Each structure stands twice: as structure tokens, then as C-alpha cells.
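Enquirer: This is the structure I want to talk about, given as C-alpha cells.
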Amino acid sequence: MKNLKLFAIFLSIFGMLACKNDVEDEKYSEMEISEASAALNDYFEVEFEKDVAESPMMQTQLGRKTDYGKWDDFSNKKLVQDLEQAKERQKYLKDNVEEIVLNDETRLSYRLFKQEVENEIADFEFRFHNYPVNQMFGFHSQLPAFLINMHRIDSEADAKAYISRLNGIPKAFDDVIEGIKLREQNGILPPKFVFEKVLDDSQNVIKGKPFTNSTEASVLLDDFKTKVSKLDLSQSQQRELIAEAEKALVKSVKPAYEKLIATMEDQQQRATSDHGAWKFPKGEAFYRNRLKRITTTDLTANEIHEIGLVEVARIHGEMEAIMKKVGFKGSLQDFFEFMRNDPQFYYANTPEGKEKYLNEATSLINTMKGRLDELFLTKPKADIIVKAVEPFREKSAGKAFYQQPAIDGSRPGTYYANLYDMNAMPTYQMEALAYHEGIPGHHMQIAIAQELDSVPMFRKFSRYTAYTEGWGLYSELVPKEIGFYKDPYSDFGRLAMELWRSCRLVVDTGIHSKKWTREQGIDYYKQNTPNAESDCIKMVERHIVMPGQATAYKIGMNKIVELREEAKVQLGNDFDLREFHDVVLLSGAVPLNILEEMVQEWADSKKS
């Protein structure tokens, strides 16, 4: 009933305002602007709640326990339903909203919402241009990771909801398998290398008790037992719940994984070693569209490629200066080899070495926390913790990543470090990695966005990769400007991370636009960076299954630095870095062109 009233108010206000706008220079009262803006924001909230109601997993991420025993709908039918919903929203905005009648904050929300809807409609033709099961983020690893990291068990009912989700995996996987087969019919099949990794990860989920006679519990059973053991229940109640979970694992989870594995093994026989998006139907158009979405710019593949080459050359020059500073004799390639192999830069590949890495990463983040007042006026309330990537997915997962906190404060933000191969986690990169994934990087940006009171909910969860990852990479640079990276090797590590992101511009466009092979991409990284070969292989394989995504980092960082330097020139002594960071962060994630407008408006207001 409340929602119907909101719509009625909204329609009446905008019906009236649409008539007024027949005269272009019509002036609106503060009350009219306030009412129109409030009505549109109410609409945004209604639509956000519709999306949440359709996503049990989003509900869980928000800390809600409605539909707690269910999964999202992964069917192809849902994609069509989403398209129709997007068209309805587009029509609603066109018929009922006059942008001129909105206050500044709501006008920005309107522009972002409208763009999201338009993009969803335009991108529908490319809905099958992806690999739902891949080594980076496939359903085979995402669903177990979701149960382990998101599904809290605070009561017996929560435990039963966990079991219900275990029993729901066959339906979820049936929908995924249908989508996989449909993609192959449309000429979209993962390359050969993906299958071995996906099959290995899938087998890992169904290893151990109760799937086999092993004395060691499987990853999901271990998680369930650990969580249930903390409940205030009798031993018999706990045993009963664990028995139910074991039954669900054997009767539901195992056959679902076996069916997925059989499907992937069948497709594996037809897979090729063509890696770029150019191999897809309308592949060139897809990649062009992908770059536009990822970078939120109109840069072409060739332009991005050239930016990468220029940045690689510049950073090599800065690295050579550090090489001289530490007194290293030899070429830059020799120095790369030294940084790759000298044991002083690596912790032991043992439980003790991994624990030492996690402790040091936590210490780096805690030290940075103590310096935030120099950089920020606004800080997040949510805390952050550091964890190792879980063993069942560490072999194929990325080097490091961030998981956002629960919006209700029930779960902190998490910086995940992948410690599977300690030779791929050199100590000289620890600082930059911790600043990127943790503070002042993703945790500052994402947690602050979630805690904003001034924006509608959809904006708290918007992700513009160039903005988000651009901020992460920019956050590696900022600590140097206040005295961090005192160790020249650590500063080399910062440059190595920036170099890595610059190489991504070259290799991503090389593979998807210039038809580079996987091996060409790996060789480029090996020749131009100090990273371990395993790093280079993983990165190229990430490019292949996530076209365009890796271009966001450097393009985004370059834009943030460019805007900052332009503002410094315009404002001189009136430039305040903390205020600049507020401008960047206090509207949530936005496209780069919108960010440019926001920074210019701030600079203009300071000048006046």
C-alpha cells in the first residue's frame, strides 16, 4: 500500500511538472523541486527493493535473512525478464521524469539510473558472450564460497536454511548447464585451458567426507560443522543437523557437481586454443562495447594499447632509477631476475610463512589507519580483516581481492590474499597490495559508498570498474606522497604493481583486438615485468575469460590523477587533498565523465 501511494504522488507531481516544462525557462519553487526529487528517490528505493526481492543472495549480502534457504534464478528466462523490467523502467523515466525539476543530487541519481537501464537494454544482445563457469569466478566455486563467507548460522533455522541451499544446488546447476549449452550453440565455448582448472576446482568441492571414506571433512561439511558447533544447541541437536547436511551433500551436491563435471568434460573435447573475443559472433562489436562499459570512456582498443606502451616505457625508466639507487649492476632485465628469485623477498611456502604474510599485511593496514586524517575528512565505520583465499579455490583464484562488508555491519570488509604460491607474493609488493585492496583502497571507497545517507540504495552498490579499480590503483600511489614506501625495494614493488596494470592495457587489447595468442601475452608480461611466471600465466588467462576488465585500472587511475593535478593548477594554495578525496568518494561509484564534472564543479565553487 505504501508503494502505491509513492507511485501516485510521483505520477501526480510529474504530470503537473511535465505541463509546466512546455515553457523552457519555467522557474520551479523550492517546494516543487523538493517534492519531485523526493518522489523520484522513493521510486529508486521501490525499484531497488524489487531487485533485492528477486535475489535471495543479495538479501544475504545485505544481512537480511528473508529467502535464506534459496539461490538466485540463474536461468536464461530470468535474463529476458530482466530485459523487460529494464524497458519498463526506461519507459517510466521517459514518461514521468523531468530532469530540470530535480535537485543536483537527485539529478545525478537520475542520470546514473537512466544510464544503467539503457546499458542493460543495449547489452542484451551480448548476454551469452561470457563463460559462466571459468577459473576466475564460475558458479562451481562461487556457490560454495558464498555459503562459507556469506551464510551466517546464528540459529537452528539458519542451519536448516544452509541445508536448503545445499539441496538447491542441483536446480541452480541445471540452469547454469542449460546456459552453457546454449552458449555453445551460439558459438561461444571456453578455450581449452579453462576446462582443466574448472574441473579440478569442481572435484575439490566433492572431496572428503561425506563424499568419500576420508577422515577429513569436505570443505562444505567442515564449514557447516564449524558454524553449527558455535550454536547453543544440545549435542544430539547438532548431530541431527550435521546428519541432514551430510545427506544433502551426498544426495544433492555430489550429483549436481558430477553433472556439471560431465558437461564440462564433454565440451572440453570440442574446445580450441582460440582465445580472443574476436572469435565470438559479433566479436569486434562485443569487445568495443565491453571497453566502453569497463572504462566508461570512448577510447578505442588501439588508443588503449598505445597508452599502455607509453606507460610501460615511463615506469621502466623510474625502475632503472631505483636500480641505481640500490647499487645493482646490470640491466633492468637482470634486476627483474634478481627480484624474482632472491629469497630475501619471499616468505616460506609453509603454514608459518603464510601466517607471517597475513600478519604483516594486517600490520600494514593498521599502520595506514593511523595516518588517514592526513588524507581524508570522511572515513568508513566498517572494519576490515585480512584472510587467505580458501584452499578449495586458491589454485585458480586471483592474486588478491576485496569482499565488501555487510551493509548492516554484521560482517567486516575482507582483503583476501592468495597464498597458494608464495613465490607469486613477494614481500616487496606487500605494501602496494595492502593499500590497493584494503586502506586507503577498496575498503575506503566501497565501505564509504555503502554508508552514505545522501544517495539511494542502488548507488551504494553500483560498480563502475574504471572508477573502483582506478581508485584502488590510485591508492597505491597516495601513501608514497605522505612518506610510505621508505624501503626502495618496496617502492619498486609499487612501481611493479603500476607496471603490471599498464601491461594489462597492452595485453588485453593485444589478445582481444590484435589476435595475440595466449603465449604472446605471457611472453609480454615475462619480458616487461618482474612478476613470477605463474603470475603472468594467471593474468593472461584472466584477460581471456574477462575481456576488457583489466583495462579499467590504469585508465581509471590516470583520470583520477589527471583531475587532481588539474584541480591543483586551478586552485593553487586553496587545493585541499582531503576535500578532493571527499569529492571523489562521497557520491559513490560514478563513470569517469561524471567524475570529471564533479571535480570541476568543486573547483569552480572553491574559486568563487
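Enquirer: Please return the ranges of helices (runs of 4 or more DSSP H) entirely within region 210-280 where 1 or more residues are within 27 Å of Phe126 (Cα to Cα).
Expert: 254-268
Enquirer: Can you find, within region 421-471, the residue that is nearest to Asn366 (Cα to Cα) among those that are under 16 Å from the mean Cα position of the chain (by Cα) and of a type in the set (D, E, K, R)?
Expert: Applying the filter and picking the extreme gives Glu437.
Enquirer: Hey, among Thr367, Thr414, which residue is out of contact with any Asp or Glu (no Cβ under 8 Å at 6 or more places or on another chain), part of a helix (DSSP H, G or I) and not charged (D, E, K, R)?
Expert: The unique qualifying residue is Thr367.
Enquirer: When only residues in region 266-292 that are within 29 Å of the chain's Cα centre (by Cα) and farther than 30 Å from Leu505 by Cβ count, which is surrounded by the most Cβ atoms within 10 Å (Cβ to Cβ)?
Expert: Gln267
Enquirer: Determine whether region 373-387 contains at least one residue that is under 15 Å from Gly493 (Cα atoms), β-branched (Val, Ile, Thr) and surrounded by 12 or more Cβ atoms within 10 Å (Cβ to Cβ).
Expert: No - not one qualifying residue is present in region 373-387.
Enquirer: Looking at region 38-72 only, could you name the residues that are polar (S, T, N, Q) and over 18 Å from Ser164 (Cα atoms)?
Expert: Listed by number, the list holds a single entry, Asn41.
Enquirer: Follow-up question, since we're still on this one. Filter region 388-411 down to the residues that are of a type in the set (A, V, I, L, M, F, W, C), surrounded by 18 or more Cβ atoms within 10 Å (Cβ to Cβ) and over 22 Å from Pro440 (Cβ atoms) and list them by number.
Expert: Answer for region 388-411, where residues must be of a type in the set (A, V, I, L, M, F, W, C), surrounded by 18 or more Cβ atoms within 10 Å (Cβ to Cβ) and over 22 Å from Pro440 (Cβ atoms): Val389, Phe392, Ala397.
Enquirer: What number of residues within region 538-560 satisfy the criterion of being in contact with a Ser or Thr (Cβ under 9 Å, 6 or more places away or on another chain) and not in a helix (DSSP H, G or I)?
Expert: Adding up the residues that qualify gives 1.
Enquirer: Check whether at least one residue in region 428-439 is over 29 Å from Arg564 (Cβ atoms), outside any strand (DSSP E or B) and either in contact (Cβ under 8 Å) with a residue 40 or more places away in the chain or in contact with an Asp or Glu (Cβ under 7 Å, 6 or more places away or on another chain) (or both), and report yes or no.
Expert: no
Enquirer: Name the pairs: first residue in region 389-416 and within 21 Å of Ser534 (Cα to Cα), second residue of a type in the set (Lys, Arg) and assigned to a strand (DSSP E or B), Cβ to Cβ under 6 Å, at least 6 apart or on different chains?
Expert: Note: pairs meeting the criteria are Tyr416/Lys387.
Enquirer: Let me ask something else about it. Among the numbered conditions (1) modelled with pLDDT of 95 or more; (2) assigned to a helix (DSSP H, G or I), tell me where Gly483 comes up short.
Expert: Result: Gly483 passes all but (2).
Enquirer: A further question follows. So if I check each of Leu241, Leu231, Leu260, Leu249, which one is within 24 Å of Gly187 (Cβ to Cβ) and either buried (at least 16 other Cβ atoms within 10 Å of the Cβ) or not β-branched (Val, Ile, Thr) (or both)?
Expert: Leu260
One line per residue, one yes/no per condition, for (1) over 23 Å from Ala550 (Cβ atoms); (2) charged (D, E, K, R); (3) part of a helix (DSSP H, G or I); (4) in contact with an Asp or Glu (Cβ under 8 Å, 6 or more places away or on another chain):
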{"position": "Arg459", "(1), (2), (3), (4)": "yes, yes, yes, no"}
{"position": "Ser462", "(1), (2), (3), (4)": "no, no, no, yes"}
{"position": "Thr468", "(1), (2), (3), (4)": "no, no, yes, no"}
{"position": "Leu473", "(1), (2), (3), (4)": "no, no, yes, yes"}
{"position": "Glu476", "(1), (2), (3), (4)": "no, yes, yes, yes"}
{"position": "Asp491", "(1), (2), (3), (4)": "yes, yes, yes, no"}
{"position": "Cys503", "(1), (2), (3), (4)": "no, no, yes, no"}
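Enquirer: Shifting gears a bit: Name the residues in region 507-541 that are charged (D, E, K, R), within 22 Å of Asn302 (Cβ to Cβ) and under 23 Å from the mean Cα position of the chain (by Cα), would you?
Expert: Within region 507-541, just Asp508 meets the criteria.
Enquirer: Just checking, how many residues over region 313-359 are closer than 29 Å to Phe401 by Cβ, loosely packed, with under 15 Cβ neighbours inside 10 Å and of a type in the set (Ser, Thr, Tyr)?
Expert: Qualifying residue count for the region: 1.
Enquirer: Closer than 21 Å to Ala145 by Cβ, in contact with a helix residue (DSSP H, G or I) (Cβ under 6 Å, 6 or more places away or on another chain), aliphatic (A, V, I, L, M) and part of a helix (DSSP H, G or I) - does that describe any residue in region 296-313? Outline the logic, then answer.
Expert: So in region 296-313, the residues closer than 21 Å to Ala145 by Cβ come out as none.
Within region 296-313 (the criterion being closer than 21 Å to Ala145 by Cβ, in contact with a helix residue (DSSP H, G or I) (Cβ under 6 Å, 6 or more places away or on another chain), aliphatic (A, V, I, L, M) and part of a helix (DSSP H, G or I)), the answer is no, since none of the residues qualifies.
Enquirer: Are any residues in region 337-367 of a type in the set (Gly, Ala, Ser), closer than 29 Å to Ile482 by Cα and either touching a Phe, Trp or Tyr at 6+ places or on another chain (Cβ under 6 Å) or in contact (Cβ under 8 Å) with a residue 40 or more places away in the chain (or both), and if so, which ones?
Expert: Residue satisfying the conditions is Ala361 alone.
Enquirer: Which members of region 407-430 meet the condition of being of a type outside the set (S, T, N, Q), at pLDDT 85 or above and in contact with a helix residue (DSSP H, G or I) (Cβ under 7 Å, 6 or more places away or on another chain)?
Expert: Of region 407-430, the ones of a type outside the set (S, T, N, Q) are 407-409, 411-413, 415-417, 419-422, 424-426, 428, 430.
Then drop every residue that is not at pLDDT 85 or above, which leaves 411-413, 415-417, 419-422, 424-426, 428, 430.
Correct list: Gly413, Tyr415, Ala417, Leu419, Tyr420, Asp421, Met422, Ala424, Met425, Pro426, Tyr428, Met430.
Enquirer: Does Ile544 satisfy the condition of being closer than 27 Å to Phe336 by Cα, surrounded by fewer than 23 Cβ atoms within 10 Å (Cβ to Cβ) and of a type in the set (Val, Ile, Thr)? Walk me through it before giving the result.
Expert: Numbers: closer than 27 Å to Phe336 by Cα: yes; surrounded by fewer than 23 Cβ atoms within 10 Å (Cβ to Cβ): no; of a type in the set (Val, Ile, Thr): yes.
No, not satisfied.
Enquirer: Could you identify the single residue in Arg107, Arg64 that is at pLDDT below 95, more than 30 Å from Ala285 (Cα to Cα) and of a type in the set (D, E, K, R)?
Expert: So the residue among Arg107, Arg64 that is at pLDDT below 95, more than 30 Å from Ala285 (Cα to Cα) and of a type in the set (D, E, K, R) is Arg64.
Enquirer: Of everything in region 149-202 that's among the basic types (Lys, Arg) and under 21 Å from Met57 (Cα atoms), which residue is surrounded by the most Cβ atoms within 10 Å (Cβ to Cβ)?
Expert: If we take residues in region 149-202 being among the basic types (Lys, Arg) and under 21 Å from Met57 (Cα atoms), then Arg165 is surrounded by the most Cβ atoms within 10 Å (Cβ to Cβ).
Enquirer: Just one of Met546, Met539 is out of contact with any Gly (no Cβ under 6 Å at 6 or more places or on another chain), without any contact (Cβ under 8 Å) to a residue 60 or more places away in the chain and of a type in the set (A, V, I, L, M); which is it? Steps first, please.
Expert: Numbers: Met546 fails: without any contact (Cβ under 8 Å) to a residue 60 or more places away in the chain.
Only one candidate qualifies: Met539.
Enquirer: I'd like to verify a number: residues in region 561-608 that are hydroxyl-bearing (Ser, Thr, Tyr), farther than 30 Å from Asn119 by Cα and either touching a residue at least 60 places away in the same chain (Cβ under 8 Å) or assigned to a helix (DSSP H, G or I) (or both), how many?
Expert: Selection size over region 561-608: 1.
Enquirer: Could I ask something else about it? Any residue in region 450-474 that's under 18 Å from Ile560 (Cα atoms) and touching a residue at least 60 places away in the same chain (Cβ under 8 Å): show its pairings with residues that are assigned to a helix (DSSP H, G or I) and among the hydroxyl-bearing types (Ser, Thr, Tyr) at Cβ separation under 6 Å, as long as the two are six or more apart or on different chains.
Expert: Ala466/Thr295; Glu469/Tyr553; Leu473/Tyr553
Enquirer: Still on this structure, please answer the following. Working carefully through the options Glu244, Glu178, Glu184, Glu240, find the one that is within 21 Å of Ser164 (Cβ to Cβ) and touching a residue at least 12 places away in the same chain (Cβ under 8 Å).
Expert: Glu244
The values are calculated or read from the model by the stated rules, or taken from the named source; none is laboratory data. Computed from a prediction, not measured in an experiment: that's the story for all the values here. Glycine also receives a Cβ, built like all others from the backbone with ideal geometry; neighbour counts cover every protein chain displayed.
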